[in-house]
Each structure stands twice: as C-alpha cells, then as structure tokens.
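Structure first, commentary second.
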Amino acid sequence: MLHDMTYLNDLLKTWGYLALFIGTFLEGETILIVAGILASRGRLNLHYAILAAFAGSMFGDQCVFLLARYKSSWVLKKFSKFDNKISKALRLLEKNSIWLLLSFRFFYGLRNVISIAAGLSQVPKKKFALLNGIGAMTWALSFGYGGYYVGRKFEKYLESAKEYEIKALIAIGVVVVIYWVYKKFRKKPTDNPS
C-alpha cells in the first residue's frame, strides 16, 4: 500500500504539470484549484503549478484568438451555437476592451467566447497577447494560491482521511471530466412548433 502511494505521488509530480497545462489550455479553474491543494500537501510545487497554468491558459486563449483571426468562417461555423454570446462579446469589446480582456477568465463560460470575439474584432494581436498574458498570470496566481490556501486550511481534516485522499482526487477528476464532456457535447433540444 505504501509503495502504491509513493508511485502515485511520483506520477502526480511527474505528469501533474503536463496535465495542468492541458487542463488550463481547455478551461481550468477546477484543475488549478486541485493543483493548489496538492501543492499545499507537498505533492506539487506551487510555483511550477502556477507557471504551468499560466502557460496553458495563455497559450489556449492565444490559439483561439488566432484561429478566429485567420480562420473566422470556420470558427463561426464551428461555434455557431454561440452566435448571440459572440455578438454580445463584440459589443463589450467595443466599449471597454482592456478590462474585458484582463478579466474574462474570472467569469465562467466566457473564456472561449471572448477569445473568439477578440480574434474577430479589430483588437490588435500585440494588445491581445499583452492583456492575455497579464490576465492569465493574475488568474493563475489567484486560483493557484486560492487552492493552496484552501488546502492549508483543511490540512487537519485531510490528515484523518489520508487513506481516502487519492480515491477522492480520482473521483473529483472523473466528475470534472464527465461534467466537461457533458457541457461540451450536450445537445440542446430543438424547438418544434406545433
């Protein structure tokens, strides 16, 4: 049992940052909070976790921005179900692009929409890259340290449940993946007029 725990600990230390990069490339609040908690338990280095989350988040949004900028017809076709949200995001970008580009990560469900809208808009590439980088770092620091703080506060409670920790983390991971897949691939019911 102890050997298995050591193996899982090493596995998390080895692949945790790559998994964090990929998770934050796609979305990421939950995986970053979990990484912060793991860092509070000594399983990950908090600074490397924040760096991986920053890189994944920034790179993911930069890719979406560039796709929208250079392949706009494909992006609009692929994300046609978000037409209304993209239109609203374009109007918001016209009013105050700086604050929106700095803060969109903190609003659930807006991340890809804002990156698409920015790519479709007249926002210069350098401006988006700079604000995207500042926003990604602010986000990574906030959620990384937030998870770390939560982990520290609950450390005494986790000690009593140490034998269940890996099982709980796996269960949380499975739930997060199922939820993400559900949100990504669910079909909205079509309106059938009578």
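Taken over the stretch 95-141, residues that are out of contact with any helix residue (DSSP H, G or I) (no Cβ under 7 Å at 6 or more places or on another chain), under 24 Å from Ser73 (Cα atoms), part of a helix (DSSP H, G or I) and not basic (Lys, Arg) amount to 1. When you look at Leu92, is it in a loop (DSSP other than H, G, I, E, B) and at negative phi, yes or no? It is false that Leu92 is in a loop (DSSP other than H, G, I, E, B) and at negative phi. The criterion of being modelled with pLDDT of 90 or more, out of contact with any strand residue (DSSP E or B) (no Cβ under 6 Å at 6 or more places or on another chain) and surrounded by fewer than 18 Cβ atoms within 10 Å (Cβ to Cβ) holds for Leu51. Does the stretch 63-86 contain at least one residue that is part of a helix (DSSP H, G or I), under 15 Å from Gly135 (Cα atoms) and modelled with pLDDT of 85 or more? Scanning the stretch 63-86 turns up at least one residue that is part of a helix (DSSP H, G or I), under 15 Å from Gly135 (Cα atoms) and modelled with pLDDT of 85 or more.
Of all residues in the stretch 41-67, how many are over 19 Å from the mean Cα position of the chain (by Cα) and in contact (Cβ under 8 Å) with a residue 24 or more places away in the chain? Residues meeting the conditions: 2.
Anything in the stretch 1-35 that is of a type in the set (Val, Ile, Thr) and either modelled with pLDDT of 70 or more or not in a helix (DSSP H, G or I) (or both)? List them, or say none. Listed by number, the residues that qualify are Ile22, Thr24, Thr30, Ile31, Ile33, Val34. Within the stretch 109-124, residues that are closer than 19 Å to Phe59 by Cβ reach partners that are of a type in the set (D, E, K, R) with beta carbons closer than 6 Å, at six or more positions or on different chains, in the pairs Arg111/Arg105; Val113/Lys85; Ser115/Asp61; Gly119/Arg69.
The values are calculated or read from the model by the stated rules, or taken from the named source; none is laboratory data. Only a predicted model underlies this, so the values are computations on that prediction, with no experimental measurement involved. Note: ideal-geometry Cβ built from the backbone for every residue, glycine included; neighbour counts use all protein chains shown.
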